Structure formats: C-alpha cells, structure tokens
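To start, the structure itself, in structure tokens.
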Amino acid sequence: MIKPMSNKIKKLKDKLNKTIWTDNIEKLKSHLYEQRGNIQGKSSLLMLPKNTADVVKIVKFCNKNKISIVPQGGRTGLCGGTVPNKNGREVLLSTEKMDKIIEVSKDGFYMIVQAGCPLLLIKKIAFENNRFFPLSLPSESSCTIGGNISTNAGGAAVLKYGMTKELVEGIEVVLPNGEIINSIKNIEKDNRGFDPKYLHIGSEGTLGIITKVKIRLFPEIKKKTMAIVATDTINNLINFLKIIKNDCYEYFSSFEINTNIGLNLINKFYNDIPIPFDNQYNWYAIVELSSYDNVNLEKKISDIIGKSIKNKIIFDAIIPQNLKQYNNIWKTRELLSEAQKLNGKSIKHDISIPIEKIPLFIKKARKFLTDFRKNNILIFGHLAEGNLHYNVSKPKTMSMLVFNKLHKKVNSNIFKLVHDLGGSFSAEHGIGLIKKKEFKKYTSKEEFIIKYNLKKLLDPNNIMNPGKIFN
C-alpha cells in the first residue's frame, strides 16, 4: 500500500534539523507563485538547507520515498519554473540560506560561491577586489547565481561576455539520487570527454540541484561611456549597430533598444525620470562602450555618432555629462518591464530572431494583431543579439474575457512566425511551466528525444521539478 504523501512529508521533517525547514503557511506564501501573479501552486513544506550536506540528505530521502522537489533560488523567473504544481504533493527547496562567498581569487580571476548567493553580492565582492563579473539583469538584487545558471540567464552584457554558460568554470550538483557531481577544479583544460556541467546549465532544476559554482571574473572596468540615440526606423538602428561593430567591436558592451511607446510608459509611471529628446522620435538605442584600460572612449563614441548623423542613420544623440544623467538614461530601459506591469495585463514574448530579419518580423507580426492598436505593442530588448521583448498590452476598452481568448491565438501566431524566420520562442527565460507545448512543437524530434531521455536517465523517479520543460 502506498503511504499517503502527508505521512512521507512528516517523516522527512522528522529526519531534518528543525532549523532548515518550515511549514508555516505565512512563510510559504511568497514561495508559491510567480512574481507577476500569473501562476500559483501549492506546497506544505519549505526546506532551507545551509550547505551541500543538507541538500544531499534531503534529496536522498525524497528520491527513496518518491517525494517531488521544486528547487528555488531568487524566484525571479517569469515562466513558472520555480512554482509548485497545484496538487500540493511537492516540497520546496530554496537555496536562499546557501548564500556564502567561499573563495575569491584575484590572480586566478575566479570566485567560488554557494548557489544561493545573490547576483548583486557577487558583483559587489568582485568590485571590491578590483574585478568585474559581467552578468547584468534588472533582477540582480534578488536573483541568485544558481537560478541564473539553471535558466542560463542572458541580460544586457551578452554582446561582449556571452550568456551565463560562458561565465561558469565549474559547478557542484546534487543529482536526483542524492549523489554529488563536482566539476570545480583549478585547471583550465580537462578534456575527458563531454563536460557534464553543461547538462545542468539551462536545465531549470529538472536534472539536479546546483549547490556550488565557480564563476569567471574579468579585469575591473576602468573606462565606460554611453549614449542614447534616436532615429525613425528599426532598419536605421540595425545599420547603426553595424557601424559600431565595424568601428569599435573590441569595446562594444551593450546595445539596448526602445520605442516612443516604451518611453511613454516610463513617463507615465516614473515621471521623475527625464525623457530623452522629449520622446519625439520612433526608435531609440542605448549604446555602451567599456574598456579595461583608459582609452578615450568618449572620442570613439562621438566619432561614431557624428558619422551616423551625417549619413542620416540616426537623427539625434545624447552623451550623458554626469552620473545622474547616465543612470536616468539606463532607467528608461531597465524599468520598462515594471512600467508595463503597472500599466496592466500584457501578452509577453521573449524571442530571438536573426537580426537582418527583425524588420520583416515586426511588419508581419503587425498584420495579425488587428485587434490591437499600435500603442498596445511594446518592442524593446537586446538588438545586438537579436533578442526582442515583443509585448502586447490589453486595450482599455477590451474586456478581460476577450483578451484572454486572444492570448493563445496571439502566442501561436507570434511563435510560428519566429520559427519560420529561423528564430527561437525562448531567448532568455527558459521553458518552465508555460512554454512546454512550444518546446515540444518547435524542437526537432531527435533533439527532444535526447533531452527527454537524459531526464529519464538521471531522474528515473521524476522527483526533480516534475512538470517543468517536459509534460
């Protein structure tokens, strides 16, 4: 006879130190939903291990007793990857108490930390040691490095430093059977076949729990400059991007685009932030150059802007003259997601498309959004990597019933168009709960089978984040 889940969970609690778990309903609440409030699940137990040994003890018991675990970091993901299912049969494992800096090697240009270490703390410690960790996300004050690795986070610095996977030198993972695999070493070269750490980067907690990581550090940034430029078409922004790559590739670190619709939202909800150019243009880009030495970046960016204005690729530009102006310009991009959230419901798409096909995508996507006006469509993102956030807001006059009915149709049309243009429906945020159908539909049969079989091989009891990525 199968023991009721409540009995199994009671035995788990009895086995663990009372300082590393809670069943307090109030403390559990914030761990049960996705931050936008779109997805919510149930669980009766939150575990808060302090080290790898705690995680091993938990996982071994859960695997033996077939208790499903939902791993959690900072819970800033937007695809429901850290939300439990609604049946209440899963326990939560948060790494938030595993937040220690274990080692900083200035000469070795690396840092070893526990998986629950906040990204902002990592960046701060690197800075204090005259080093730089480049992962840059709007949620960096609350997201954790383990979660960043589990979702292979992107952000604003991908252009120069790559996705999170490029910044990871080694990880320690507790596998679903409770055994540890550790690829953290002090050597650069280790060619013993394929590297298993790459299985866990982007796996969203479905193959194990990351407990410790070794991350790559870079020399401190000694010089940085930026500008915000304005123009009338996306084609012009792409041409401006080409000029920067040709003239200044080695210093090119960010290229973030926005529109007049985005600046209107910033002005609406953050009216203390000055709006560049009085928002009189259609398209905008923030370009940043950075260097490890004291090269004259101001001249380089001024020369590029001058050339681009002369050739009528951009129409205007602002180079900030002080730190406050610099920060305010960045806020016009960084606060966009929050501003849209404050503005109401929207259908969000985090997509990547070959850069040269982005104008065609925008043109074709508009044709099947006939139920929405132009100012309901917000386009922003990391143009240099072909990563767009293409979000469709609910019109004020549209009922929620109609909007919800259109949601599925809009998603289907957008994702098909992205696929037809050679892009990806998931550029940064992963699959989680909400993109499982698209994952199966837009992944080749061969690739899907390989990934599915790896899940079955490593987690035969399906205890690790069940229902995420795969059905």
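Key figures
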read-out: Residue check for V418: assigned to a helix (DSSP H, G or I) and either assigned by TED's automatic domain parsing to the domain that holds E34 or in contact with a strand residue (DSSP E or B) (Cβ under 6 Å, 6 or more places away or on another chain) (or both); value: yes
read-out: Test: residue in segment 388-396 that is in a helix (DSSP H, G or I) and touching a residue at least 40 places away in the same chain (Cβ under 8 Å); value: no
read-out: Residue that is surrounded by the most Cβ atoms within 10 Å (Cβ to Cβ), among those in segment 369-396 that are at pLDDT 95 or above and among the hydroxyl-bearing types (S, T, Y); value: Y390
read-out: Failed item in (1) over 16 Å from G430 (Cβ atoms); (2) under 15 Å from the mean Cα position of the chain (by Cα); (3) surrounded by 21 or more Cβ atoms within 10 Å (Cβ to Cβ), with E166 passing the rest; value: (3)
read-out: Qualifying residues in segment 429-459 (those that are free of Cβ contacts under 8 Å to residues at least 24 places away in the same chain and assigned to a loop (DSSP other than H, G, I, E, B)) - the one farthest from V59 (Cα to Cα); value: S444
read-out: Candidates N343, N311 - the one that is free of Cβ contacts under 8 Å to residues at least 60 places away in the same chain and either closer than 17 Å to F415 by Cβ or not acidic (D, E) (or both); value: N311
read-out: Subset of segment 169-183 [part of a loop (DSSP other than H, G, I, E, B), surrounded by fewer than 18 Cβ atoms within 10 Å (Cβ to Cβ) and polar (S, T, N, Q)]; value: N177
read-out: Subset of segment 209-264 that is hydroxyl-bearing (S, T, Y) and assigned to a strand (DSSP E or B) - its residue that is nearest to G306 (Cα to Cα); value: T231
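The values are calculated or read from the model by the stated rules, or taken from the named source; none is laboratory data. Bear in mind that the values here come from a model prediction, so they are computed numbers and not experimental data. Don't worry about glycine lacking a Cβ; one is built from the backbone with ideal geometry, like all the others, and counts go over all protein chains shown.
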